[in-house]
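S.K.: Structure provided below as structure tokens; questions to follow.
The values are calculated or read from the model by the stated rules, or taken from the named source; none is laboratory data. Since the model is a prediction, treat every value here as computed from it, not as a measurement. Cβ placement follows ideal geometry from the backbone for every residue including glycine, while neighbour counts extend to all protein chains displayed.
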Amino acid sequence: MSRTVSHISTRRPRISPLRYPGGKSALYPRLRAIIRDMGLAGCTYIEPYAGGVGAGLGLLVTGQVEHVIINDLDPAIYSFWKTLCVDNDWLIEQVATATLSIDEWKRQHKIYKAADTSKRRELGFATFYLNRTNRSGVLTAGPIGGFKQNGTYKINARFNRKDLCERIRILGLYSDAIVPIMCDGIDVINRYAGQKNTFIYADPPYFEKAKSLYLNAFQAEDHKALAHVLNNHKDDSWLLTYDDVPQVYELYKDRRKKRFQLNYSANKVMKATEVAVFSDTVSEVNTCW
């Protein structure tokens, strides 16, 4: 079967099936420009803290990169990506026939909470189900519309079966180029940084509001450990994004930084100022920020 993504905009592809508050699919044009200007077209793209991988998968389906390494320490998120690659037809069938109701939400929530990795397919689908039916896609949040379904939007508001099945089908065509792993993000950086023809995009849990958005929120020592590793790899190809807080400027005081704005959708749509940190190999000219 040939790969085809003709209907997807090459300007900002919307291909990830997962919803994430503050997801970075909007960074696709900037990442694309950086990778091209650095002569890394066709490289292996790595996200040590993957989540929805919106930008990375966009780079893959538009031919900018050859492989995408999706790492997430959360076994539920890993199970979803592994199922998408290994059991693509099964996953599409589940999405196409899923019952969208509070009773079903409770059943899927129970599977998600059990986190039984021996039932990887079921855990992966339950994770996807909650991501598409929960408020803002946050796995620990409640269902859209509430348990009484008396909100403005209902539980099916973000569950467009046709579109989601098509996204999953297309990504299935790239399953040989998508590598889901479940490791500590720092271990992934140490594994791939310095390898030829690789680019790392690190989008770790942020300093503020992290506990409400991430299952594996960082503590202060985690932020310091990440900074230590990335600063030690200053001559390799990487980009880091964070919330715009003083700690980032202190931890990366010797690296170049640039503020930028993104739309967030957690609770309400709003613009947030974030900061990009560049390794020394990403020149000021080709940052495109």
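S.K.: I'm checking my understanding of the structure. Among residues of the stretch 112-129 that are in a helix (DSSP H, G or I) and charged (D, E, K, R), which one is farthest from residue 168 (Cα to Cα)?
M.R.: Only one residue tops the list, namely 113.
S.K.: Going by the conditions given, is residue 202 assigned by TED's automatic domain parsing to the domain that holds residue 278, of a type in the set (A, V, I, L, M, F, W, C), crowded, with 18+ Cβ neighbours inside 10 Å and free of Cβ contacts under 8 Å to residues at least 60 places away in the same chain?
M.R.: No, not satisfied.
S.K.: Another question, then. Go through (1) assigned by TED's automatic domain parsing to the domain that holds residue 48; (2) surrounded by 14 or more Cβ atoms within 10 Å (Cβ to Cβ); (3) without any contact (Cβ under 8 Å) to a residue 12 or more places away in the chain one by one and return the number of the condition residue 122 breaks.
M.R.: (1)
S.K.: For the stretch 98-126, name all the residues that are β-branched (Val, Ile, Thr) and under 24 Å from residue 150 (Cα atoms).
M.R.: The answer is 99, 102.
S.K.: Quick one: is residue 159 closer than 25 Å to residue 82 by Cα, crowded, with 17+ Cβ neighbours inside 10 Å, in contact (Cβ under 8 Å) with a residue 40 or more places away in the chain and not assigned by TED's automatic domain parsing to the domain that holds residue 37?
M.R.: Spelling it out, residue 159 is indeed closer than 25 Å to residue 82 by Cα, crowded, with 17+ Cβ neighbours inside 10 Å, in contact (Cβ under 8 Å) with a residue 40 or more places away in the chain and not assigned by TED's automatic domain parsing to the domain that holds residue 37.
S.K.: Another question about this same structure. Find the helices (runs of 4 or more DSSP H) located wholly in the stretch 130-247 whose residues include 3 or more that are under 19 Å from residue 20 (Cβ atoms), and list them.
M.R.: 161-172, 210-213
S.K.: Testing residue 15 on (1) under 21 Å from residue 272 (Cβ atoms); (2) not assigned by TED's automatic domain parsing to the domain that holds residue 186, one condition comes back false. Which one is that?
M.R.: (1)
S.K.: Of the conditions (1) modelled with pLDDT of 95 or more; (2) over 24 Å from residue 222 (Cα atoms); (3) under 10 Å from the mean Cα position of the chain (by Cα), residue 25 clears all except one; give me its number.
M.R.: It fails just one condition, (1).
S.K.: Scan 123, 130, 164, 173 and give me the residue that is in contact with a strand residue (DSSP E or B) (Cβ under 9 Å, 6 or more places away or on another chain) and modelled with pLDDT of 95 or more.
M.R.: Testing whether each residue is in contact with a strand residue (DSSP E or B) (Cβ under 9 Å, 6 or more places away or on another chain) and modelled with pLDDT of 95 or more leaves just 130.
S.K.: Identify, by number, the condition in (1) within 20 Å of the chain's Cα centre (by Cα); (2) modelled with pLDDT of 90 or more; (3) not in a loop (DSSP other than H, G, I, E, B) that residue 257 doesn't meet.
M.R.: (1)
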